[in-house]
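The structure appears below as structure tokens.
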Amino acid sequence: MLPEIKGLNEECGIFGVWGHKDAAQLTYYGLHSLQHRGQEGTGIVVSDGKQLKGVKGEGLVAEIFTTEAMKELTGTSAIGHVRYATAGGGGYENVQPLLFHSQTGSLALAHNGNLVNVNSLKHQLEAQGSIFQTSSDTEVLAHLMKRSGYSDSKDRAKNALSMLKGAYAYLIMTETELMVALDPHGLRPLSLGTLGDAYVVASETCAFDVVGAEYIRDIRPGELLIINDEGLVSEQFAVSSTKAICTMEYIYFSRPDSNIQGINVHTARKNMGKRLAIEAPIEADVVTGVPDSSISAAIGYAEEAGIPYEMGLIKNRYVGRTFIQPSQSLREQGVKMKLSAVRGVVEGKRVIMVDDSIVRGTTSRRIVNLLKEAGATEVHVVISSPPIKNPCFYGIDTSTKEELIASDKSVEEIRELIGADSLTFISVEGMMHALGQEGTNGYCLGCFTGNYPTEIYPDTLQYYYQK
């Protein structure tokens with residue numbers, strides 16, 4: 001059963017280190033830098049070369065890893081995870097890393113992404129006698145590895161990974177090695193770094209800056225890295241036929257100080273804003289961005305258009321996320337608590353409001369109202385992503401197709417619904433130009449175009465396209 005999905009929300013983040021005396025502490029700081037990718041749960045598993053031990057819980061990194069909890073995590077290697085629930089829903093049992101013990105040794109798994117063939121794999125494994133302890137798609141890999149029949153852990157991993165379809169960045173740790181795997185399309189970001197003699201792996205390069213590691217390279221699509229006390233070995237478990245990094249990583253999910261495939265996220269977003277100013281020239285007095293992910297694009301728009309950038313919206317950082325509210329009316333009130341318009345900036349002004357996306361339109365309508373209530377005479381909305389018309393199957397928590405406002409409404413209809421004086425989305429071509437690309441090769445644009453890099457299985461389609 002796939003989860004109820006309400007909006008555009010964070011993915012998960014993974015971090016791992018091999019061969020450092022402060023492995024758990026480094027992982028703590030690495031996860032803290034990735035907290036924006038998931039706030040529902042977090043965990044760390046460590047290896048001292050003889051056994052795996054873990055601490056996990058539902059909550060933020062700083063809440064779960066108290067001083068007492070960190071005392072339990074002694075070892076020279078570790079993997080960690082911050083979670084936003086997509087496939088499998090919430091609950092303590094689904095918090096990662098997942099840790100398994102058997103007579104032949106222990107195994108820990110941390111996963112960012114979403115498997116599109118998880119239901120068929122689970123049916124197959126259950127028919128063979130597997131009993132699943134969680135509702136997470138992550139657990140499937142452990143069962144596939146255990147049943148592979150190979151004696152070598154590397155061969156078990158390669159065989160199991162070859163059966164998975166969809167998006168996945170995996171950290172797989174045993175007592176004696178750390179394996180790192182990325183799906184054949186490279187849909188999720190994953191990078192390798194070093195810290196002295198230790199190896200570090202993270203979803204985003206901003207984590208390397210926080211722990212003082214040096215970025216080496218991105219993990220290649222279809223690559224399996226095996227890291228142990230002997231060093232690092234790279235193998236391909238699958239041939240990458242179509243590389244397709246998620247474009248929403250640049251638009252929304254990643255931190256501005258991260259680099260993805262050599263492209264700085266802040267620079268990409270700023271370029272999107274500049275492109276929007278070319279595609280949507282508007283006469284206005286001020287430009288403002290919706291905190292935080294839209295600030296870079298708003299700065300770019302203002303620079304290109306020659307219109308002052310102002311802080312017209314302020315984010316209250318001590319309010320929970322609006323999409324968890326149980327009713328539409330409470331969600332709308334939640335937006336007002338989370339954001340405030342600066343009357344002294346927008347009153348009597350024609351305002352260009354830059355945002356990164358429109359999913360259902362609820363938040364956009366409320367922000368437009370906030371600005372107008374604060375005295376803005378006009379509110380022109382420009383969006384640094386193309387219209388999101390289709391669900392994402394790869395780990396981004398977008399809505400069912402019926403909840404996506406752009407799936408069956410024109411730009412003009414959306415403009416009327418959110419109450420804006422004008423509405424412009426960046427074009428697909430403009431977005432790719434901002435990324436320094438002439439075409440769309442190497443990128444996943446499924447949520448914009450409906451063209452997905454992998455096969456999507458019928459039971460998954462049935463949920464996301466329900467009417």
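The figures follow:
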| quantity | calculated |
| --- | --- |
| Virtual spin-label span in nm between residue 217 and residue 234, 7 Å along Cα→Cβ | 0.2 nm |
| Built amide H within the under 5 Å cut-off of residue 75, gap 5+ | 23, 24 |
| Set 338/389; 21/315; 165/389; 270/315 screened for pairs whose C-alpha atoms are more than 29 Å apart | 21/315 |
| Amide hydrogen neighbours beyond the local backbone of residue 175, cut-off 5 Å, H modeled | 106 |
| Extension gain (nm, one decimal) between residue 70 and residue 159, 0.36 nm per residue minus Cα-Cα | 28.6 nm |
| Cα gyration tensor category, rounded, prolate or oblate, for the stretch 208-293 with a/c compared to 1.5 | prolate |
| Global form of the stretch 379-437, assessed from the alpha-carbon gyration tensor, a/c cut-off 1.5 | oblate |
| Candidates per trypsin sites (Lys or Arg not before Pro) in the stretch 39-142, loop by DSSP, up to 11 other Cβ within 10 Å | 50 |
| Residue 104 versus residue 422: modelled label distance in nm, points set 7 Å from Cα along the beta carbon direction | 6.5 nm |
| Vicinal HN-Hα couplings computed from phi for the stretch 343-360 (Karplus, 6.51 cos²θ - 1.76 cosθ + 1.60; Hz; Gly/Pro x) | 4, x, 8, 9, 4, x, 10, 8, 10, 9, 9, 9, 9, 8, 6, 10, 9, 9 |
| For residue 166, distant residues with modelled amide H under 5 Å away | 116 |
| Amide N proximity, the stretch 409-431 versus residue 278 label position 7 Å along Cα-to-Cβ, cut-off under 20 Å | 424-431 |
| Segment residue 92-residue 241, extension gain: residue separation times 0.36 nm, minus the distance between their alpha carbons | 50.0 nm |
| Acute angle (nearest 10 degrees) that the helix 295-305 long axis makes with the longest principal axis of the chain, alpha-carbon atoms | 40 degrees |
| The stretch 44-72 versus the stretch 155-216: alpha-carbon centroid distance in Å | 19 Å |
| Prolate/oblate/rounded call for the stretch 32-179, Cα gyration tensor, a/c under 1.5 rounded | oblate |
| For the chain, alpha-carbon Rg relative to the globular expectation (2.2 N^0.38 Å, N residues) | 0.98 |
| Note, ³J(HN,Hα) from phi for the stretch 376-388, Karplus 6.51, -1.76, 1.60, rounded to Hz, x at Gly and Pro | 5, 7, 9, 10, 9, 9, 10, 10, 8, 10, x, x, 7 |
| Student exercise, the stretch 13-88 dipole from Lys, Arg, Asp, Glu Cβ charges, in Debye to nearest 20 | 200 debye |
| Heavy-atom accessible surface of the stretch 22-106: percent carbon and sulfur, 1.4 Å | 50 percent |
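The values are calculated or read from the model by the stated rules, or taken from the named source; none is laboratory data. This is a predicted model, so every value here is computed, not measured. Positions of Cβ are backbone-derived with ideal geometry, glycine not excepted, and every protein chain shown enters the neighbour counts. We work out accessible area using only protein heavy atoms, side chains counted, and drop any ligands, DNA or RNA first. Shrake-Rupley method; radii C 1.70, N 1.55, O 1.52, S 1.80 Å.
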